[in-house]
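What follows is a short report on a single structure.
The values are calculated or read from the model by the stated rules, or taken from the named source; none is laboratory data. All figures in this text were calculated on a predicted structure; none of them were measured in a lab. Cβ: placed from backbone, ideal geometry, glycine included. Neighbour counts: every protein chain shown. What goes into the accessible areas is simple: the full protein's heavy atoms, side chains included, and nothing from ligands, DNA or RNA. Shrake-Rupley method; radii C 1.70, N 1.55, O 1.52, S 1.80 Å.
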Amino acid sequence: MKIYVMRHGQTDWNLAGKAQGRTDIELNDTGIEQAKQTKKQIDNYKIDLIICSPLKRARKTAEIINEAINCQIISDERIIERGFGNIEGKTDEEWKKILGDNTYAISNYYLNFNESNIESMRNICERVWDLLDEIKEKYKDKNVLLVTHGGTCRAINAYFNGIGENGHVQSAHIKNCEIREFEYRKINKK
């Protein structure tokens with residue numbers, strides 16, 4: 001069993017450096033082309049099942065990828081992007097002004113920051129980890145591709161690689177339409 005994780009293709013908000021969160025943004029032309037390019041290499045991964053976020057940008061990416069493998073696509077709310085509340089649609093510079101000294105806190109599992117209607121890191125981790133635990137049991141004989149978002153990839157990375165002692169949930173630094181492989185092993189997540 002292998003778990004592959006893919007971030008959706010580019011959107012206009014990615015290009016503008018805006019926090020997308022739950023705002024349902026479509027792929028732009030570059031994002032569609034990125035997905036088509038990744039589709040050309042997808043046979044190397046031997047995917048049996050795709051689980052994707054229900055947001056348009058992830059769903060469209062999954063559909064393009066699936067043209068090459070023709071497997072089942074399951075939409076799952078647990079890997080929807082993190083809700084960024086009052087900073088959705090804002091650039092990095094704009095949301096850093098809104099959050100001030102709390103910019104570090106939004107990625108800290110232990111601080112459980114949820115001001116400005118931002119989903120806490122603990123909440124996103126718990127819902128994503130629930131899905132990953134389910135996949136391990138329910139699809140243990142399958143290679144699964146998760147098509148998801150940058151914030152969700154951060155929670156996936158923490159599941160497989162742990163959380164720093166300071167509580168910071170490290171970014172996975174997954175580019176649009178990049179695929180990463182993760183392996184189930186015993187990690188102390190909390």
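Each Cα pair under 8 Å and six or more residues apart adds its sequence gap; the mean of these over the residue count of the range 147-186 is a relative contact order of 42 percent.
Cross-link pairs exceeding 22 Å between alpha carbons, from the set Lys56/Lys90; Lys56/Lys136; Lys97/Lys175: Lys56/Lys136; Lys97/Lys175.
Normalised by residue number, the volume inside the convex hull of the Cα atoms of the range 54-93 is 83 Å³ per residue.
Recomputing Rg and Dmax of the Cα atoms in Å from the coordinates shown identifies the correct label among (i) 15.9, 44; (ii) 17.1, 56; (iii) 16.0, 47 as (iii). Electrostatic bookkeeping for Lys36 treats Lys and Arg as +1 and Asp and Glu as -1; over the other residues with beta carbon under 13 Å from its beta carbon, the sum is -1.
Here the peptides 140-146, 48-54 are ranked by packing, the mean other Cβ count within 10 Å, and the order with the highest first is 48-54, 140-146. Expressed in units of 2.2 N^0.38 Å, where N is the residue count, the Cα radius of gyration of the range 4-101 is 1.18.
Spatially, the range 28-62 and the range 121-190 are offset by 18 Å when compared through their Cα centroids. Largest accessible area first, the listed residues Cys153, Cys71 line up as Cys71, Cys153 when surface is computed with a 1.4 Å probe on the assembled protein chains.
Per residue, the chain reaches -11000 deg cm²/dmol at 222 nm when only DSSP H runs of four or more residues are counted, each adding -39500 (n - 2.57). When Arg185, Arg154, Arg57 are compared by accessible area at a 1.4 angstrom probe, the order from most to least is Arg185, Arg154, Arg57. Taking the average, over residues, of other Cβ atoms within 10 Å as the packing measure, peptides 59-66, 94-101, 123-130, 167-174 rank 59-66, 123-130, 167-174, 94-101 from highest down. Based on Cα contacts under 8 Å between residues 6+ apart, the chain shows a relative contact order of 33 percent. Estimated from the Cβ-Cβ distance and a Förster radius of 25 angstrom, the FRET efficiency linking Asn44 and Ala16 is about 0.20. Model label sites at Asn161 and Lys56, defined 7 Å from Cα along the beta-carbon direction, differ in position by 3.2 nm.
Among residues other than Gly150 whose Cβ falls under 14 Å from its Cβ, what is the net charge (Lys/Arg +1, Asp/Glu -1)? Counting the neighbours of Gly150, the net charge comes to +3.
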